[in-house]
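Have a look at the structure below before the remarks.
The values are calculated or read from the model by the stated rules, or taken from the named source; none is laboratory data. Remember, predicted model here, so these are calculated numbers, not experimental data. Here the Cβ is made from the backbone with ideal geometry for all residues, glycine too, and neighbour counts use every protein chain on show.
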């Protein structure tokens, strides 16, 4: 940086250090490059940061927990301070979790910090993904980064699940048993896979140690690598920005990393950290001492996974029972388990490949750095709303019992309602969202062409009443007119003169996406509108005023 | 551990054997109850006047559904043989008299005072022997809470949740939250099996076992979580809602604040 070279002339400790580092690792060049990186300012661009900071908190609190946690399933007699478990037989893993909670100074706080930030990590990542989706930030050149982000979301779920099972309490054991059941439900390989994973029959004596290895080594390492790739790609692509005056697909409008964003992001880290600490210090999460050590015979009412696995649990609960086909082709086919797994994995797969589907349908090979307003891509926004609704019903499906007891309804009716909702609500959400987007676009057009309703009613000399419309400032117009509207493409014959099925599918999808569309206001339309109405109203207005 | 084991030692084909078993069983259980109820009778000492008073209360408040002689009607079961414990549980928790028929009787403000409840209980107990109101020594909550916790997780947690927070049953029925229930109510519920709850008799869970369970529940009730607000002890669903609405919601508030500063 330039300040470094300035202070260098004056000498002093700081300059000396800067010069020392610059001569050895070229720090000036790095700072020059990174410090000048420009980031646009918008609250929705900070959601990914929240996930990143939660991850840092997870690393710190997790390291603390590894000092005391012992991932062993060997049986001991508990002799700690928690009275209702004194003398009970339990695994060392559960006993050490109790010790962390009751006897290690700050242990319970750190456990709660770790668990709350895990929930926050996945939640923030999910919300960040939704922001990216609804603003079209996944379009070229960022498709691969979308997939990397998706991998991070799935890895977050994996990290959460492996961690959830470590305390070896009744709740996590029940959860693990469900996973075991799902694995065993896989045709052909199920029983073998379960046996390999658990080292024999469930629960075995090794699963906690194995999950621990995954939880503290492999999964966090993968998350870290993917975060580096994710951020590296942000640097390569530069950040997207919302449309506005002077913002195009070939620039970024915002503030430089140094000093604005370093200060801002640094401060934001401590704010997020502070919120997590505050919540962890005042709200209990996963009170393992209530659940007792894992014993395969009891199952507690209200056993649920953490929220990010909830949609899979919900899928299992919503699946109709009695779908098993016993002894077909020599195997048992548990479709009541396979179907929910297909739904869950299928939903994730659609999320992962969506950018490529949309890119193929539009055929748009241009780079996009200006974000879409959700209303300007009605069908994408509607697909997103339908997907969110589908996920939400599955998610709510994981708490059918709590919904039934807390709203005093029948569990069976809640379940049936959700089974129907799973198919009906996404269609409704799609239709309503698409119509709402188109209506908002029409409103935008109206505002651009005829100005904003001012609420002032003027009576003309011949008795007619009109409302004065105030034309928009040019500055405001950018936001409303700066978007691209695609047109549906027709299926074209290839070189052999044949229209392939692929082309037909693409044409069909293109029609689905872009059949209903509102075109952005063009310059000539704007000019024509101003000639027709603008001066007329303005002259009437002046007449009325004088 | 709380599962009864039945062993068929008799030749079941012989009708005489069956009759003998039946007679022996009836004699044993009837005799046992008679001894138990007489033991309670000695302590609570309901006299004929109390029973008569209880009968009046019964006729005025219960007979329309349970029948004039507690023989039951189409709308409600017979109360002959349900015992004083059952009456005490249902009436002193406000479940009875029921406000409306539904999947399950709701807890509502208690309608009778302790003396009235005792008189009605005495009347119903006078009809036929049945489970008596537990003696204070049975519900002292001075047992082994570790063992109580273990028994609770095995016998109760599948409906009432491991932390006693309650849970859903089929068709609108539910297992209520146990936090707030007193030892007497818990003991009475165990021996009478109100509503959808199974009976845990003394062969299933001995009085000492029941006291252990009560000890455990009383510990949970008097020792709130050291980790702060419990969010209803409802588990991961509430934690997930909380993280989305309160934590992430709060942080979005911060991002909007940070984003707005520069404009």
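Scanning segment A:263-282 for residues that are crowded, with 21+ Cβ neighbours inside 10 Å and within 7 Å of another protein chain (Cβ to nearest Cβ), which turns out nearest to the chain's Cα centre (by Cα)? Lay out the reasoning, then the answer.
The initial filter retains those residues of segment A:263-282 that are crowded, with 21+ Cβ neighbours inside 10 Å, namely A:272, A:275-276, A:279-280.
Applying the additional criterion that residues be within 7 Å of another protein chain (Cβ to nearest Cβ) yields A:272, A:275, A:279.
On the way: A:272: 17, A:275: 20, A:279: 22 Å.
So the residue we want is A:272.
Kindly establish whether residue A:303 is touching a strand residue (DSSP E or B) at 6+ places or on another chain (Cβ under 9 Å), facing chain B (nearest Cβ under 8 Å) and at negative phi. Judged against the criteria, residue A:303 is not a match.
Results for (1) crowded, with 18+ Cβ neighbours inside 10 Å; (2) not in a helix (DSSP H, G or I), shown as yes or no for each residue.
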| position | (1), (2) |
| --- | --- |
| A:30 | no, no |
| A:50 | yes, no |
| A:61 | yes, no |
| A:80 | no, yes |
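Scan segment B:222-232 for residues that are within 7 Å of chain A (Cβ to nearest Cβ) and either touching a helix residue (DSSP H, G or I) at 6+ places or on another chain (Cβ under 7 Å) or in a helix (DSSP H, G or I) (or both) and jot them down. First the steps, then the outcome.
First pass over segment B:222-232, keeping only residues within 7 Å of chain A (Cβ to nearest Cβ): B:225-231.
Listed by number, the residues that qualify are B:226, B:227, B:228, B:229, B:231.
Do we find that residue B:243 is more than 7 Å from chain A (Cβ to nearest Cβ), in a helix (DSSP H, G or I), within 25 Å of residue A:102 (Cβ to Cβ) and touching a helix residue (DSSP H, G or I) at 6+ places or on another chain (Cβ under 8 Å) in this structure? In short, no.
It is to be established whether one or more residues within segment B:202-209 are within 23 Å of residue A:401 (Cβ to Cβ), touching a helix residue (DSSP H, G or I) at 6+ places or on another chain (Cβ under 6 Å) and not assigned by TED's automatic domain parsing to the domain that holds residue B:89. Break it down stepwise before answering.
Pass one, segment B:202-209, residues within 23 Å of residue A:401 (Cβ to Cβ): none.
No, that holds for no residue.
If you filter segment A:384-406 down to residues that are facing chain B (nearest Cβ under 8 Å) and in contact with a helix residue (DSSP H, G or I) (Cβ under 7 Å, 6 or more places away or on another chain), you find that the one that is nearest to residue B:158 (Cα to Cα) is A:401.
What about residue B:104, is it over 21 Å from residue B:29 (Cβ atoms) and assigned to a helix (DSSP H, G or I)? Judged against the criteria, residue B:104 is not a match.
Residues that are within 30 Å of residue A:249 (Cβ to Cβ): which helices (runs of 4 or more DSSP H) entirely in segment A:303-416 hold 3 or more of them? Reasoning before the result, please.
Numbers: elements: A:310-318, A:335-362, A:378-397, A:400-406.
Answer list for segment A:303-416: A:335-362, A:378-397.
Considering segment A:363-379, the residues that are surrounded by fewer than 21 Cβ atoms within 10 Å (Cβ to Cβ) and farther than 19 Å from residue A:241 by Cβ include one that is nearest to the other protein chains (Cβ to nearest Cβ), namely A:365. Listed by position, the helices (runs of 4 or more DSSP H) inside segment B:111-196 whose residues that are under 16 Å from the mean Cα position of the chain (by Cα) and either under 24 Å from residue A:296 (Cα atoms) or within 14 Å of chain A (Cβ to nearest Cβ) (or both) number at least 2 are B:145-155, B:157-160.
Could we say that residue A:287 is in contact with a helix residue (DSSP H, G or I) (Cβ under 9 Å, 6 or more places away or on another chain), within 14 Å of another protein chain (Cβ to nearest Cβ) and free of Cβ contacts under 8 Å to residues at least 40 places away in the same chain here? So residue A:287 fits the description; yes.
Counting only helices (runs of 4 or more DSSP H) that sit completely within segment A:164-280, those holding 2 or more residues that are within 21 Å of residue A:142 (Cα to Cα) and touching a helix residue (DSSP H, G or I) at 6+ places or on another chain (Cβ under 8 Å) correspond to A:219-237.
Could you list, in sequence order, all residues of segment B:253-263 that are assigned to a helix (DSSP H, G or I) and more than 7 Å from chain A (Cβ to nearest Cβ)?
Hits for segment B:253-263 are B:253, B:257, B:260, B:261.
Restricting attention to segment A:32-48, the residues being within 14 Å of another protein chain (Cβ to nearest Cβ) and either in a helix (DSSP H, G or I) or in contact with a strand residue (DSSP E or B) (Cβ under 6 Å, 6 or more places away or on another chain) (or both) number 8.
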